[in-house]
Amino acid sequence: MTAAYPALRLRRTRTSAWSRALHRENQLSPDQLIWPLFVTEGRGVEEPVASLPGVSRWSVDGIVARAKEAVDLGIPCLALFPNTPVDRRSDDGREALNPENLMCRAIRAIRDACGSDIGVLTDVALDPYTTHGQDGLLDDSGYVLNDASVEALIGQSLNQAAAGADIIAPSDMMDGRVGAIRAALEQAGHTNIQIMAYAAKYASAFYGPFRDAVGSRGLLKGDKKTYQMDPANAEEALREVALDLAEGADSVMVKPGLPYLDIVRRVKERFEVPVFAYQVSGEYAMIEAAVAADAGEREGLVMETLMAFRRAGCSGVLTYHAPFAARLLNG
């Protein structure tokens, strides 16, 4: 029996490599990667992070070398996180306001070495600077104060902007901090500095290795559930994003990444703005554990997960696998 119409065969376009490339709906490029790096004190220092195989803390000179590597690989932006010495941490996180702190020295060193060839994204939260490991200031009961914390975050943002940061990324999840930081940046003449808001940051079980890397895991008192989001909530994420955009965010972030691809998709479809995801330390560690157990190939696991972010609607991804992925993409 002859069909009245040509048979539809979706496999036709999959027959050859050139055809698969021609019909590919989403593309990956080093341009879409942000490389998170951890800064520590000293010179010539590389401290491997045990819970993040292949990731190290670097002294400022090592961070500069990584910045030059990123430029060569076509990675457009670095995200910096400091491992502040214990003796410089305090209940009020005052080291965040020090123009000579680790973050500011690393920013200036990258700027001196690389000029405008690479962007520098800086984390704004107090947890790397506090003795209690919380992202803000505490009252006598241990509750994280919102408005007092926002004032401290404004000072931290201005400090990083003065050092040469390109993107201020508040990760603290205090209410109203984006608008307050935007107003302070404008008043100080930093009109071209971007804000990438951690708009939907969940109280996740995937952050453990990161806290090792910045030295806050052993210090953390309590949890962060009074300000980070409940993993059960999606509508609330859209409200958070709407507020941050209304307050002046240039882009928004969803964190963690893979467990929250539904949030990425909903944010992109609702707001049609640049959306980024952070493939966090626990996600990275799971991939590396799978590779170590011979349960999967690193190349396939990394590239498939990065493509998942793009397919969901991400403009870019913060990932510790950035240099590995960039090398693969560069051929």
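The table below lists the values:
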{"item": "Test: residue in region 231-244 that is modelled with pLDDT under 95 and more than 28 Å from P48 (Cβ to Cβ)", "result": "no"}
{"item": "Residue count, region 196-228 (criterion: crowded, with 21+ Cβ neighbours inside 10 Å, outside any helix (DSSP H, G or I) and in contact with a helix residue (DSSP H, G or I) (Cβ under 6 Å, 6 or more places away or on another chain))", "result": "3"}
{"item": "Qualifying residue in region 230-252 (condition: in contact with a Lys or Arg (Cβ under 6 Å, 6 or more places away or on another chain), of a type outside the set (V, I, T), under 25 Å from Q194 (Cα atoms) and assigned to a strand (DSSP E or B))", "result": "no"}
{"item": "Test: residue in region 127-139 that is more than 25 Å from W35 (Cβ to Cβ), at pLDDT 95 or above and touching a Phe, Trp or Tyr at 6+ places or on another chain (Cβ under 8 Å)", "result": "yes"}
{"item": "Meets criteria (modelled with pLDDT of 95 or more and either surrounded by 14 or more Cβ atoms within 10 Å (Cβ to Cβ) or assigned to a loop (DSSP other than H, G, I, E, B) (or both)) for G282", "result": "yes"}
{"item": "Search result, residues across region 12-37 that are part of a loop (DSSP other than H, G, I, E, B) and without any contact (Cβ under 8 Å) to a residue 24 or more places away in the chain", "result": "T15, S16, H23, R24"}
{"item": "Whichever residue in region 47-74 is polar (S, T, N, Q) and assigned to a loop (DSSP other than H, G, I, E, B) and, among such residues, is surrounded by the most Cβ atoms within 10 Å (Cβ to Cβ)", "result": "S59"}
{"item": "Test: residue in region 38-46 that is assigned to a helix (DSSP H, G or I), without any contact (Cβ under 8 Å) to a residue 60 or more places away in the chain and surrounded by 10 or more Cβ atoms within 10 Å (Cβ to Cβ)", "result": "no"}
{"item": "Residues that are free of Cβ contacts under 8 Å to residues at least 24 places away in the same chain and within 17 Å of M196 (Cβ to Cβ), drawn from region 272-320", "result": "E272"}
{"item": "Contacts under 8 angstrom Cβ, first residue in region 182-193 being outside any loop (DSSP other than H, G, I, E, B), partner of a type in the set (V, I, T), 6 or more apart", "result": "R182/I195; A184/I154; L185/I168; L185/T191; L185/I193; L185/I195"}
{"item": "Residue match in region 200-223 (condition: modelled with pLDDT of 95 or more, farther than 23 Å from Y320 by Cα and either more than 20 Å from the chain's Cα centre (by Cα) or not aromatic (F, W, Y) (or both))", "result": "no"}
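For (1) over 18 Å from F210 (Cβ atoms); (2) free of Cβ contacts under 8 Å to residues at least 60 places away in the same chain; (3) in contact with a helix residue (DSSP H, G or I) (Cβ under 9 Å, 6 or more places away or on another chain), each residue gets a yes or a no:
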position: D123; (1), (2), (3): no, yes, yes
position: G136; (1), (2), (3): no, no, yes
position: D140; (1), (2), (3): yes, yes, no
position: L145; (1), (2), (3): yes, yes, no
position: S171; (1), (2), (3): no, no, no
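Residue-wise test of (1) over 18 Å from the mean Cα position of the chain (by Cα); (2) more than 25 Å from G218 (Cβ to Cβ); (3) modelled with pLDDT of 95 or more.
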residue: S56; (1), (2), (3): no, no, yes
residue: V60; (1), (2), (3): yes, no, yes
residue: I63; (1), (2), (3): no, no, yes
residue: K68; (1), (2), (3): yes, yes, yes
residue: P76; (1), (2), (3): no, yes, yes
residue: A79; (1), (2), (3): no, no, yes
residue: L97; (1), (2), (3): yes, no, yes
residue: N101; (1), (2), (3): yes, no, yes
residue: A106; (1), (2), (3): no, no, yes
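The values are calculated or read from the model by the stated rules, or taken from the named source; none is laboratory data. Owing to the predicted nature of the structure, the values given are computational and were not obtained by experimental measurement. Positions of Cβ are generated from backbone atoms using ideal geometry, with glycine treated the same way; all protein chains shown enter the neighbour counts.
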